[in-house]
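The values are calculated or read from the model by the stated rules, or taken from the named source; none is laboratory data. Since the structure is predicted, the reported quantities are computational estimates derived from the model, not experimental observations. In this analysis, Cβ positions are derived from the backbone assuming ideal geometry, glycine residues included, and neighbour counts consider all displayed protein chains. Accessible surface areas use protein heavy atoms only, side chains included; no ligands, DNA or RNA. Shrake-Rupley method; radii C 1.70, N 1.55, O 1.52, S 1.80 Å.
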Amino acid sequence: MRIVSSFFTPIYFEESSVQNFIFQDANQLDGFRMLLHHYEQNNDMIDGDFVRIDDGSDAVGAKDYHILQLHGGNLKLLDEKQWQQRVFQKIVDQIEIDFIPIYEKIKEIIELNLDGLMVDIADFQLQISYEEFQMSQLQKYIKWDVKKFDEPLTILSRLEFIFHIFTSLTNGKPAIILYHFPENDIDVQEMAIWVQLLREIKCTVICITKSKEWLMNFDLHQVHFIKKSRERFNLAALETELKLLKKPERYYSLSKEQLAVSLAFEELIIQNPLLSRELIKFIKSSQF
């Protein structure tokens, strides 16, 4: 697959992988998020900027994918009407083998006993006709509460349930999740569990983040720093050159990949003045 945008050169990646984007410029970050919304809705792009996710063909668009937008810190999708309908569909899928025969028998009994029935009220006669009851009407009467192993949902299990419902109702289309600021849903200590959940679902996940800790859970080819100049920071080149540099003591616990992400974050995003002189000199000596 690939993601094409006016904010960076095309990025190619494997389907059903997690790709992470972080922007040096806040306005470009906001613009990119807005473009993703326009893309999902098949709306026109804005002021010459654009974004498109496809399989390498310009003919493929959002209509060819099953897309979900998630906003970190707001996972109340299950309360929305659209998601109520999705969960009801899964309920029907699960119970229809056992329930349909009972449902048909009930319809038959109602029809035999009500259709054509005449009711007298004083000098008036009411003739009753039967209108067939549709399965979809059951949604008004079925109430459900989700638990996992008989326990109330945590934020993690709620997200897991959302993913299960979403990926099981794709109508044969490839699934894409656009996840804005996943770090807002989880503590730093549990990020690795969260990341593993994203890796295990069978769809492509595009994350927009501001978190260094989040990014450090991924391989470099899954992390994309977008500079203000609309160029991608070359993390792979930085990692290669870091192998020639003695790792500063404060970074001993990090792998070379994690160190590359950390340095890129501190240089581009927070422009950390506390970086060691050696590292500042090293970063400025090369173009990444």
Longest segment of the chain lacking GluC sites (Glu not before Pro) that sit in a DSSP loop with at most 11 other Cβ atoms within 10 Å: 133-288
Accessible area of the chain belonging to carbon and sulfur atoms, whole % at 1.4 Å probe: 50
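Using alpha carbon coordinates only, what is the Rg to Rh ratio of the chain, with Rh defined as the Kirkwood radius?
So for the chain, dividing Rg by the Kirkwood Rh gives 1.17.
Chymotrypsin sites (Phe, Trp or Tyr not before Pro), restricted to the range 138-175: which are DSSP loop and have at most 14 other Cβ atoms within 10 Å?
Y141, W144, F149
Report the extension gain between Q82 and N42 in nm, rounded to one decimal, defined as 0.36 nm multiplied by the number of residues separating them, less their alpha carbon distance.
12.5 nm
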Using θ = phi - 60° and Karplus 6.51 cos²θ - 1.76 cosθ + 1.60, couplings along the range 207-223 (whole Hz; Gly, Pro as x): 9, 10, 9, 10, 9, 5, 4, 4, 5, 6, 8, 10, 5, 4, 6, 9, 10
In nm, spacing of pseudo-spin labels at D49 and K105 (7 Å Cα→C-beta vector): 6.2
On Cα atoms only, tilt of 81-114 relative to the major axis of the chain in degrees: 10
Residues of the chain: accessible area per residue with a 1.4 Å probe, Å²: 59
At 1.306 mPa s and 10 °C, Stokes diffusion of the range 108-248 via Kirkwood alpha-carbon radius, µm² per second: 76
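If N is the number of residues in the range 177-248, what value comes out of its Cα radius of gyration divided by 2.2 N^0.38 Å?
Relative to the rule-of-thumb radius for its length, the range 177-248 sits at 1.25.
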Area projected by the alpha carbon convex hull of the range 107-147, averaged over all directions, nm²: 4.6
Estimated inter-spin distance, T9 and I270, nm [label 7 Å along Cα→Cβ]: 3.0
Compactness of the range 38-77 as Cα Rg over 2.2 N^0.38 Å, two decimals: 1.39
Listed residue pairs exceeding 25 Å between alpha carbons, taken from K90/K202; K148/K212; K90/K148; K76/K202; K173/K210: K148/K212; K173/K210
Full-stretch length increase - S229, E96 - with 0.36 nm per residue and alpha-carbon distance subtracted: 42.3 nm
Stretchable slack from S136 to K173, in nm (0.36 nm times residue separation minus alpha-carbon distance): 10.9 nm
Cα gyration tensor of the range 1-109 - equivalent ellipsoid semi-axes, whole Å, descending: 40, 17, 13
Amide H contacts of I67 (H built 1.01 Å from N, under 5 Å, at least 5 apart or other chain): I176
Assigned charges on the beta-carbon of Lys, Arg, Asp, Glu; the chain dipole about Cα centre (debye): 1700
